[in-house]
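The structure appears right after this line, and notes come after that.
The values are calculated or read from the model by the stated rules, or taken from the named source; none is laboratory data. Quantities reported herein were computed from a predicted structural model and do not represent experimental measurements. Positions of Cβ are backbone-derived with ideal geometry, glycine not excepted, and every protein chain shown enters the neighbour counts. Surface areas here come from the heavy atoms of the whole protein model, side chains and all, with no ligands, DNA or RNA. Shrake-Rupley method; radii C 1.70, N 1.55, O 1.52, S 1.80 Å.
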Amino acid sequence: MMVPLKRRKRDVSGETHDAIKYPHVVIFLLERRMGSSRRAFLTRLGRSKGFHVEESFSTVVTHVVSEGNSGGEVQEWLDTQAPRRQTHRPLHLLDISWFTDSMGASRPVDIEDRHMLEVPTLPICDAREQTVSPYACQRRTPLQHHNSILIDALEVLAENAQFHESEGRSLAFRKAGSVLKALPLDVQSMEDLRGVPCLGEHSQRVIKEILKYGVSREVKAVLESERYQVLKVLTSVFGVGVKTADRWFREGVRTPGELVTSGRRLTREQEAGVRHYKHLSIPVTRAEARAIERIVKEAVLAVLPGVQLTLTGGFRRGKQTGHDVDFLITHPEEGKEEGLLPKVISWLESQDLLLYNKMNENSYGEAKELHSRPVSSMDRFERCFSIFRLDQPASGTQQPGASSAGEAQGSAPLGGQGACEPRGWKAVRVDLVVTPISQFAFALLGWTGSQHFERELRRWAGQEKQMSLNSHALFDRRQKKFLPASSEEEIFTHLGLDYIPPSERNA
Ligand code: CTP
Ligand code: MN
Ligand code: MN
């Protein structure tokens, strides 16, 4: 096993180095679960056989070898390592079996399937080597992403286009922003974007300018424009859309507060939106979402035992905050869920937990339009857009939301009617959706989002599969039949898509 001395070299530190026989294979042994002494032994063994075994991980490494780790664990470790963008060589994530086989053969053996670790997410790669799908529902989009500066800029332009009711332009910017969210690297030059789809000419121009000068003049101008600023604030009021906000802007309204003082006629929804504006503009935390979940659970179970409650929306995708809390309500026995919502609302009202609610007992119109024939069973769909009154933990450290927002709001939420209540409270937007169990998987997929991911799923279904998808069903237009599913995985399979977990639907 010893290598003849004359083939060894000594470097200045006095460390011996064996001659490298296979320069194209650069091994890094992961210490995790292997232990340092076994790693040191294997390192010596490999080097004695002429293998290049690196002490630390760097971009020269081509083969990462680990023992007792899953591909996901190795990938996770890899994600914490230094920038990957310089890695142009393919990186193999291998099980120890490849290393021992190679030691046995005294040469790097061909990599076989059994040597490779299965990596659940995107393997390490450069955008240039990777094919990025033009459909967001074929991409994995984690919550944390690179390129925020570029993405934020494109989203400002998307929003501004929406404020001008240019839906097509808005969607083009959204698609561009979304594709950047799925890239595993910091884009530093246009070269990094070669082969990346969904980047229109205008988006590319903006990206190029930001890469070169740090800012885009167009985005800067939008951000500074009064119209954009005012529409952004007005459309953030619950119940206010672009058309209304635009009319108010042209009539001189600049802040939500002025809507009250000017005595404008508001819908019941808008009136609640203005009244609770300050609370509703503070992001809802995960802890608050959990607290609301406990309340809703108590309510639904009080009304009907066996009801199943599921947190959906952004929180299901792993977001730490949200603009609201979204729930799906169902019952394992089909039909039992009928008529549930009015009772749940009554229960919540009796406990003084609702500041606003609007029930929608029949929203299946859209389903009828989307699919080629009406579906009678869908008429039972119920949902409620509401505002909860969430008690804040007892004083001491007062909740920033409850105090500052409370004072500024006409109806003095802090302390409620009597102003002598010991605890503060916060207004929180909550969406409750009731679905029969047979449609649950579709509702879950449809309400988990993101909005862009949903839009892309429907685009994929329609354009690539001649199918219609909504939150209630999947219809195959060629076979002229509905494709049932009892899980999200089954729907992805019907659509011919790889399953994407909620945490990677942040498109
Ligand atoms: N949704 C829907 N019909 C509506 C409103 C919303 O199908 N009338 C869907 C959206 O497509 C989205 C999901 O419900 O997929 C959640 O919507 P929303 O609460 O607006 O967004 P979130 O992704 O939860 O973001 P946030 O955390 O800001 O609430
Ligand atoms: Mn939400
Ligand atoms: Mn919602």
Going through segment 224-245 in order, the residues found to be open to solvent by 80 Å² or more (accessible area, probe 1.4 Å), of a type outside the set (Asp, Glu) and over 21 Å from Glu167 (Cβ atoms) are Gln229
Would you mention how many residues in segment 440-475 are away from ligand 2 (no atom under 16 Å from the Cβ) and either within 26 Å of Leu171 (Cα to Cα) or open to solvent by 10 Å² or more (accessible area, probe 1.4 Å) (or both)? 21
Can you name the residue in segment 69-122 that is under 21 Å from Thr141 (Cβ atoms) and β-branched (Val, Ile, Thr) and is also modelled with the highest pLDDT among such residues? Thr80
Checked segment 294-315 for anything within 20 Å of Pro436 (Cα to Cα) and within 16 Å of ligand 3 (Cβ to nearest atom); matches are Val296, Leu309, Thr310, Leu311, Thr312, Gly313
Looking only at segment 318-332, count how many residues are surrounded by 19 or more Cβ atoms within 10 Å (Cβ to Cβ) and either aliphatic (A, V, I, L, M) or more than 7 Å from ligand 1 (Cβ to nearest atom) (or both). 6
Going residue by residue through segment 352-366, is there one that turns out to be modelled with pLDDT under 95, more than 16 Å from ligand 2 (Cβ to nearest atom) and at positive phi? no
Can you name the number of the only condition in (1) part of a loop (DSSP other than H, G, I, E, B); (2) free of Cβ contacts under 8 Å to residues at least 12 places away in the same chain; (3) buried (at least 16 other Cβ atoms within 10 Å of the Cβ) that Val253 fails? (2)
Report whether or not Val300 is outside any loop (DSSP other than H, G, I, E, B), at pLDDT 95 or above, open to solvent by less than 60 Å² (accessible area, probe 1.4 Å) and away from ligand 2 (no atom under 16 Å from the Cβ). yes
Among the residues of segment 259-291, write down those that are among the basic types (Lys, Arg), out of contact with any strand residue (DSSP E or B) (no Cβ under 9 Å at 6 or more places or on another chain) and open to solvent by 70 Å² or more (accessible area, probe 1.4 Å). Arg265
What's the total number of residues in segment 149-171 that are open to solvent by less than 50 Å² (accessible area, probe 1.4 Å) and part of a helix (DSSP H, G or I)? 12
For segment 326-340, check the following and say yes or no: at least one residue is in a helix (DSSP H, G or I) and more than 16 Å from ligand 3 (Cβ to nearest atom). yes
Please verify whether segment 174-192 includes one or more residues that are without any contact (Cβ under 8 Å) to a residue 12 or more places away in the chain and open to solvent by 60 Å² or more (accessible area, probe 1.4 Å). no
